[in-house]
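The values are calculated or read from the model by the stated rules, or taken from the named source; none is laboratory data. This one's a predicted model, so the numbers in the text were calculated from it and none came from an experiment. All Cβ positions, glycine included, derive from the backbone under ideal geometry; neighbour counts span all protein chains shown. Note: accessible area is taken over every heavy atom of the protein model, side chains too, but ligands, DNA and RNA are not part of it. Shrake-Rupley method; radii C 1.70, N 1.55, O 1.52, S 1.80 Å.
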Amino acid sequence: RNGFPPHYKDISNTNLPAELLPKYTTIEYTLARPAPIPPIFLFVVDTCLDEPDLKALRDAMVVSLSLLPPYALVGLITFGTMTQVHELGFAECNKSYVFRGSKDYTQKQVQEMLGLGARPAAPRPGQQMNTLHGAARFLLPVQQVEFQLTGILEQLARDPWPVANDKRALRCTGVALNVAVSLLESSFSNSGARIMLFAGGPCTEGPGMVVSNELREPIRSHHDIDRDSVKHFKRAIKVRILVRYNL
C-alpha cells in the first residue's frame, strides 16, 4: 500500500506541501535505495526527413543528451530504406548493423544478428557498464558514450537511396521498431525503457507498411478504414499488435 508522507497530516489552506505550490514547477524525489536498473532511452530516427528537419532534429537530440542523467542508458537506431543499429561501444570508428527494410525479423533472428547472448546485469547508477557484453555494445550510459553519440548525430545524413519525383521515400518504420523492441526484450526484459521514435512520414516499406511508395496511391483516411477498403490495413495492424504485445 502506498501511504502518504507523514507531513501530509498537517495540510491546510495555509500549510501546503511544496508539490502543491504553483511556484515550484519541478519536484525531485530522492529514493531511499538506488533503482535496480537505470532509465533506458532508445532513439529511433527517420533519415528520410528533409534536410532542414533532419538538422533541427540532430540539434535537438544533441541538446537532449545533456539533459539526461549521466547514468541513463542510451542507444541509437536509424532507418530509411534500411534499418541500422549503431554499436556505440565500438570506439575506433562508427559501426552499425544493417537490417533489410523489406524483411520481417523474429526476435531470435535479431538477437543472433546483433550477437546478443545472455542478458547483462544492468549497472547501478554511476557504475561503469561492461562494454564487452553483447547488449552493452548498443546501450551505454550517457557519461561513457556522449562524445561518440554526439559525433554520430552530427554526421547523420539523409537516406542515400534515390527518390523519384513520383515516388515516396522508402521508410521501413516497422522493421526499425521491431528491431528496437527485440533489442530491449532480449537485453532488459520486464524492465522499464522508452523507445523514442522520430518519424517524418508513413511507413512505405516492409512490415507495418500503410501506403506504397507510389505517390499516385493516396494514403488511407478514416472513411476508408470504416469501409474496410484499405489495402495494407490488416497487415499493418498485425505488426502493431505484435509490437505492442512485446512492449
Might you tell me the accessible area per residue for the range 1-110, computed with a 1.4 Å probe and given in Å²? 64
With Cα coordinates, the longest principal axis of the chain makes an angle with the long axis of helix 233-246, in degrees rounded to 10, of 30
Per-residue HN-Hα couplings for the range 196-207 [Karplus 6.51, -1.76, 1.60; θ = phi - 60°; Hz; x = Gly/Pro]: 10, 8, 10, 10, x, x, x, 6, 10, 8, x, x
Report the percentage of all Cα-Cα pairs in the range 1-75 whose separation exceeds 15 Å, rounded to a whole percent. 74
Over 27 Å between alpha carbons, listed pairs LYS55/LYS231; LYS167/LYS231; LYS23/LYS55: LYS55/LYS231; LYS23/LYS55
Rounding to the nearest 10 and keeping the result within 0 to 90°, find how far the Cα-based axis of helix 173-187 lies from the longest principal axis of the chain. 40
In the chain, with Lys and Arg counted as +1 and Asp and Glu as -1 at Cβ, which of these residues, THR204, SER191, GLN155, has the Cα nearest the positive end of the dipole, that is, farthest along it? SER191
Would you list, by chain and number, the lysines whose Cα falls below 18 Å from the Cα of LYS238, excluding same-chain residues fewer than 8 positions away? LYS103
Debye, to nearest 20: dipole size of the chain, +1 on Lys, Arg Cβ, -1 on Asp, Glu Cβ: 740
Taking every pair of Cα atoms in the chain, average 1/r, invert it to obtain the Kirkwood radius, and report Rg/Rh to two decimals. 1.05
Across VAL45, VAL74, VAL98, the residue with the highest GNM fluctuation in the chain (Cα network, 10 Å cutoff) is VAL98
Kindly express, to the nearest 10 degrees and within the range 0 to 90, the angle between helix 51-67's C-alpha long axis and the longest C-alpha principal axis of the chain. 20
Accessible carbon and sulfur surface of the chain relative to its total accessible area, %, 1.4 Å: 54
Given labels modelled 7 Å from the Cα in the Cβ direction, how far is it in nm from ALA199 to TYR24? 4.0
Largest fluctuation, TYR97, TYR24, TYR105 only, Gaussian network model of the chain with Cα springs under 10 angstrom, belongs to TYR24
Give me the percent relative contact order of the chain, please, defined on Cα pairs under 8 angstrom at least 6 residues apart. 24
Kindly sort LEU139, LEU197, LEU49 by accessible area of their heavy atoms, largest first, with the probe set to 1.4 Å. LEU197, LEU49, LEU139
